[in-house]
Structure formats: C-alpha cells, structure tokens
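**Student:** My questions will all concern the structure given below.
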Amino acid sequence: MSYRDATIAAPLARPLVTRRTRELLLGYAYLLPVAVCLGGTVLVPILKAIHMSLYNHVLIKPQEYRFIGLGNYARLLGDDVFWLTLWNSAWWVFGSVSLQFLGGFAAALLLHQAFAGRALVRTVTLLPWVIPGVVVALVWEYIYQPNYGILNDLLFRLGWLHERVAWLSDPRLAMPAVIMTNIWRGVPFFAIMLLAGLQAIPDELYEAARVDGASVTQRFWHVTLPLLRPIIVVATATRIIWTFNYADLIFVMTSGGPANATQITSTYTLLQAYSNLDFGYAATLSVVLLLIMLAFTIAYLRVTRGVESVA
Amino acid sequence: MTGRRAGRADLAERVLGGPVLWGGLALLTLFAIGPFVWVFLSSFKTRAELYATPLVYLPKQITLANYVDAWTSSLTPFSRFFANSLWVSSVTMVATTVISILAGYALARFRFVGRDVFLLVFLATQMFPAVLLIAPLLSQWYALGLIDTYQALIYSNFSFTVPFTVWMLVGYFESIPRELEESAMIDGCGRLGALLRIVLPLAAPGVAATAIFAFVSSWSELLFAITFTTQTEMRTLSAGLLYMVGQYEIQWGQLSAGVMISTVPVAVLFTFLQRHLIRGLTAGALKG
C-alpha cells in the first residue's frame, strides 16, 4: 500500500501523461490525416518536381535520361518563349484582375441595393463563377466561332462589322478574347467579396455622413472605400495569384496559340509536359512558377498583416 | 445606400436608385447568363439550325437529339462521365470535410508546437500552381498502379480542396466560444464528444460551405482528370468535354448538350446552397 492509496481525499491517480502533453498529442492526432494527405499530394510531389528538374527527362527518349544539374534552368534563361510567356502572364493577370475588380465592384454596389427579386438576381449573376472552367472555355469558344458564333453575328446585325473575325486565331485579338472570357468568370468573385464587405459597414456611418451633408459620391469616397480597403487588398492579392496559376481557360481555348500570342507560363508548362513529353523541362518551368508564387505569397502575407493592423 | 427616409434625396441618389440601378441590373444579368442562354438554346437545335447563316436564335422545333447523342454515344458517353464525376466529387467532398474538420478544430483549439507553421503551410499551399503537381503526381500514381482509378483523382483533388477548407474552418471554429465545449467536457464529454455534439452543430454553415466548395471544385477539375486517366470510361465530365473537342470537327449541338449536362448539377447545388457557400468563403477571406 502506497502512501497515496492510504489517504482519504486521494487525488485521482496521476495520469501517465500530463493534461498538457495529452492535449498536445491529441492535437497532433487530429492533424495526422491532413498531414498524410498533403504530404502525399503536395509536399512529396514538390520535392519530386525539384528533383525532376535536374534531369534530362523526355518520356519518348528514355535512353537520354540523365542527371544534368542546372542544365534545364540554363536552357530556360535562354528560352525566348519562356520570357514571352512571363510578359503574356503579366498582361493576362493585369487585364483580367483589373477589369474583374471594376466589374465586380459595380456589381456589388448594385446587388447591395434593396430591390424586388434581389436573391434571384444575386444567384444568377454569381453562376459563371461556379461552373467548370472547361465549360466556360467551350461556351466562349462557341461565341467567338468565326462562322456561326453569336458575337460576329450580333456585330454584323449592328453594322459594326463587315467581315467575319476569327477572334481566337488572330494573334492581335486572341489575348483580349481570352481575357474577356476570364473577366466573365471572375467578376462574381469580386462581387461576392465586396458585397460581403459592403454589408459589414454599419448603416449608422452613412446616416452620420448624410446628416453632415455628404453627397452620394462623397459618402462613397469617404465611407465606403476606406472601410472596404482591407477586403479589396485581400481579394485582389488572392486573385492575382490565382489568375497567374490558372491555365484551364487558355489551355482549352487556344492552347497558347496562335503563335504563342496567348501562351502564359502555366500553359507553356502544360505544353512541355503534354505535347513535348519533356517532363524535365516542364518540372523546371513549374519550379520557377513556384518560386515566383512564393515571392508573391510573402509579399501577400506582409500586405495582409498590414491590413489586419489597420482594420 | 440605405433607406430613403432621412431627408431629401439629392439628384444623384435618385438617378442611382432608379434608372442606373435597373439598367445596371439588366446589363449585369445579361452579362452573366447571356452566354449560357445561347448555349442552352443551341443544345435544342437541329443540325440545320445550328449551322444556318444568318444565325437562327430561337429553335423552331425543339429536338432532344443532341442530349440523347451525347448521353449514349460510345465516343463520348456522358452518362458514364456523369457517374464518374458524381463519384469522384462526392468522395472528395466527404473525405475533405472529415479531414478538415479534425485539422481545423485542432488548429483552432489546441496550442501546440508548430501550429503557426501549419497555418502558414495551408495558406501557402493554396497558392501553388496546379501544373507543378502534374508531372510528379503522374509518376507517383503510375508507380503505385493508380492510373485509371478513382483513387488517383480523389487523392489528387485533396491537394487543392483540403488547404482551403482547413483555412476556412479554423476561422469558423475560432468564432465559436470555447466555454461551450468546456462546460460540456466538465459534464463528462470527451474532446471528440464535445466537437461532435457542441461545436459541429454550431459550425454547420461553415461545414456546409466546406462541403460545397470541395464538391464544386472537384466537379470542375480538368488537368488531373486528363492526366491520370487514359480510358474513355474513366473520364470525368470536364475531361469528357475536352476530348469531345479533340476528337474531330466540333459538333456544337452535342457539345452544347454536354455543357448543359456538366453545368446543371453544380448550378442547382449552388442555387440552393449559395447562402452558406458565400458566407463561408467570405468569412475565410475577411479573416485574411
């Protein structure tokens, strides 16, 4: 019989592990599934991509498989198409995100008003954002179709066009055409985010501004915009990163053509993997994409931290 | 922006509330669903009407032939693609939800070493390009003998669903007062019991948003689906649509039908559950 067993008001037997340790272990146990799942589908593949990028690895030429160190990276520096894709990516991101933002802001201001049938209009206008990317791409390919596309037909009827335009195969028009498609898809994202932001602004602020004699435009500049600033920053940064990575639309609509006019870095990576089966070079491109994204992410985290302290 | 009762509305306000509002709404609605209406109409047209010049806008006689062809064709069996997409998206949805509830709860409630690192990893993972994962995952699934299986698609989908849903749920769980589950635990509930009985019912909108997000985004997934499947009968709707274009000269009638078949389920799901989805998504983003 130990001393503890003999006491009357004995505390419960001391657990093998302290409460603190138990909590710690339980926390890790809850994280185990997520760790396994992201380890296997994200972490290991990223390490593998870095590894692959150091090899000459073309699927149809297995006899040439060998370690080439930074050879693929050297090739990338001298690859004019790669530099062109970076330039195109910048246009793709800037054109898409700036106009998505403006359109989304206008939509959010409209949807914030009280009117009959608002719930229905909201749902309908947000639809382009949830439908599959390949569907968006094909719908617009059909609209842009030179012979039986509705865009040419409408412009004909309006008298604004006198000969058929091949929107997606004209090198000057292809990029604006795919950007337009991306805008259609992305406007709802900004509309949702900014609408949520608008609804979080207390009515009293508007009432107070009104009592002070502020006009509609003044209220917009001095109440709405400053209060929306945090969400504008977060939504725009998220969208920039996402658009830079997003390849589906262009991949389906033009595959980067004509003559690389719509080739962005992520579609170029896909092209290397699927058409040239050059997995070493595709891995190199994707690692470079990853590095650019990491730089963006670090900047993004700094900006959002800054925003959080302001908000 | 709010009620009009406070004093005289200035001219700008009256214009904004009237013509600009209604004109803007009409434009917005047309912009959002116009392209869809066009494809919807085309999916009921006969071949002659589809390729007529000048264009025929409204089909004179409605035909379902495009749907029947797309649904049953041996080249593009949409019935099979539909079943594949439904299975892959449903399993992804359930697994993602369970995994991210556990992880989100742990990150919201336990203070353990490495918590901040985990949170940062989830945020950063959302920003990785999907193309980065394609080549390495292909060789990984090939080595494991998972090419042309549902598992390869479902596991790969985790790479983009899970980081986002965990991030979203951490915010949701943090907004639920700790005291509620602490009192349940004093009453004899275990950690897991408190999570299941107290926290989850309160976090239901967030969990619903998580589930819809996982379903909708795996329904839309394209790149993994075309990379990790080689046989026609293993294609999902997205992959099936893409192959339809690649096969031969595009049959716009069948393609329009395929587009409608691929869209309707997510559109319906979204229409009924958009409130939850939007609240969940914006809660995640507002948190920053």
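The values are calculated or read from the model by the stated rules, or taken from the named source; none is laboratory data. This one's a predicted model, so the numbers in the text were calculated from it and none came from an experiment. Methodologically, a virtual Cβ is constructed for each residue, glycine included, from the backbone with ideal geometry; neighbour enumeration extends over all protein chains shown. SASA here: full protein model, heavy atoms, side chains in, ligands and nucleic acids out. Shrake-Rupley method; radii C 1.70, N 1.55, O 1.52, S 1.80 Å.
**Student:** Quick check: at a probe of 1.4 Å, how many percent of the accessible area of chain B sits on carbon and sulfur atoms? Mind showing how you got there, number by number?
**Tutor:** Working: 8340 of 12150 Å².
Result for chain B: 69 percent of the exposed heavy-atom area is carbon or sulfur.
**Student:** Report the residue, chosen from A:Pro176, A:Pro258, A:Pro33, that carries the largest GNM mean-square fluctuation when chain A is represented by alpha-carbon nodes joined by springs under 10 Å.
**Tutor:** A:Pro33
**Student:** Could you please state, rounded to a whole Å, how far the C-alpha centre of region B:70-144 is from the C-alpha centre of region B:164-216?
**Tutor:** 21 Å
**Student:** Need one number: buried accessible surface between chains B and A, 1.4 Å probe, both sides summed, DNA, RNA and ligands left out, in Å² to 100. Spell out each step's value before the answer.
**Tutor:** Working: alone 16410 and 19290 Å², together 27060 Å².
By this definition, chains B and A bury close to 8600 Å².
**Student:** So which residues of region A:191-214 lose at least 50 Å² of accessible area, probe 1.4 Å, when you go from the chain by itself to every protein chain present?
**Tutor:** Those residues are A:Met193, A:Glu207, A:Arg210.
**Student:** How big is D, in µm² s⁻¹, for the protein assembly as shown by Stokes-Einstein at 10 °C and 1.306 mPa s if Rh is the Kirkwood radius over C-alpha pairs?
**Tutor:** Approximately 60 µm²/s, per Stokes-Einstein.
**Student:** Run down the aspartates and glutamates and flag those whose C-alpha is under 15 Å from the C-alpha of B:Lys45, throwing out any fewer than 8 positions away in its chain.
**Tutor:** Straight-line reach from B:Lys45, under 15 Å: B:Asp69.
**Student:** Using a/c under 1.5 as the rounded threshold, could you call region B:148-288 rounded, prolate or oblate? The axes a ≥ b ≥ c are square roots of the C-alpha gyration tensor eigenvalues, and prolate needs a/b larger than b/c, oblate otherwise.
**Tutor:** Prolate.
**Student:** Roughly how compact is region A:134-220, stated as its Cα Rg over 2.2 N^0.38 Å to two decimals?
**Tutor:** Relative to the rule-of-thumb radius for its length, region A:134-220 sits at 1.74.
**Student:** Of the residues A:Val234, A:Val187, A:Val223, which exhibits the maximal mean-square fluctuation in a Gaussian network model of chain A defined by a 10 Å Cα contact cut-off?
**Tutor:** A:Val223
**Student:** Across peptide A:106-119, what mean number of C-beta atoms from other chains lies inside 10 Å of a residue's C-beta?
**Tutor:** 4
**Student:** Still on this structure, please answer the following. Where a ≥ b ≥ c are the square roots of the eigenvalues of the C-alpha gyration tensor, would you call chain B rounded, which needs a/c under 1.5, or, failing that, prolate if a/b is larger than b/c, or oblate? Let's see the in-between values first.
**Tutor:** Details: a/c = 2.48, a/b = 1.23, b/c = 2.02.
It comes out oblate by the Cα gyration axes.
**Student:** Please work out the average accessible area per residue across region A:168-301, using the 1.4 Å probe convention, and give it in Å². Before the final figure, lay out each step's value.
**Tutor:** Working: 4610 Å² over 134 residues.
With the other protein chains kept in place, region A:168-301 gives 34 Å² per residue.
**Student:** Would you mind telling me which residue in B:Pro177, B:Pro205, B:Pro163 has the biggest mean-square fluctuation in a Gaussian network model of chain B, where springs connect alpha carbons within a distance under 10 angstrom?
**Tutor:** Looking only at B:Pro177, B:Pro205, B:Pro163, the largest GNM fluctuation is found for B:Pro177.
**Student:** What are the residues of region A:249-281 that lose 20 Å² or more of accessible area, with a 1.4 Å probe, going from their chain alone to all protein chains?
**Tutor:** A:Phe251, A:Val252, A:Leu270, A:Tyr274, A:Phe279
**Student:** Next up: Taking each full run of DSSP H in chain B as one helix, which ones are at least 27 Å long along their axis (Cα atoms) and have mean Kyte-Doolittle hydropathy of at least 1.6? Write out the running numbers ahead of the final one.
**Tutor:** Values: long enough: B:21-42 (31 Å, 1.89); B:78-109 (45 Å, 1.10); B:150-174 (34 Å, 0.77); B:252-287 (44 Å, 0.90).
Result, helices passing both filters: B:21-42.
**Student:** Now a separate question. Could you give the accessible area per residue of region B:79-174, probe 1.4 Å, as a whole number in Å²? Intermediate values should be presented prior to the final figure.
**Tutor:** Working: 3180 Å² over 96 residues.
Ligands and nucleic acids excluded, the figure is 33 Å² per residue.
**Student:** Shifting gears a bit: Hey, can you find the accessible area per residue of region B:178-259 for me, probe 1.4 Å, expressed in square angstrom?
**Tutor:** 36 Å²
**Student:** Helix check for chain A. Which DSSP H runs span at least 20 Å along their own axis by Cα, with a mean Kyte-Doolittle hydropathy no less than 0.5?
**Tutor:** For chain A, where a helix must reach 20 Å along its axis and average at least 0.5, the hits are A:19-38, A:80-112, A:171-199, A:225-245, A:279-310.
**Student:** Could you work out Rg/(2.2 N^0.38 Å) for chain A, with Rg from alpha carbons only?
**Tutor:** Working: Rg = 27.2 Å, N = 311, 2.2 N^0.38 = 19.5 Å.
Normalised Rg, Cα atoms only: 1.39.
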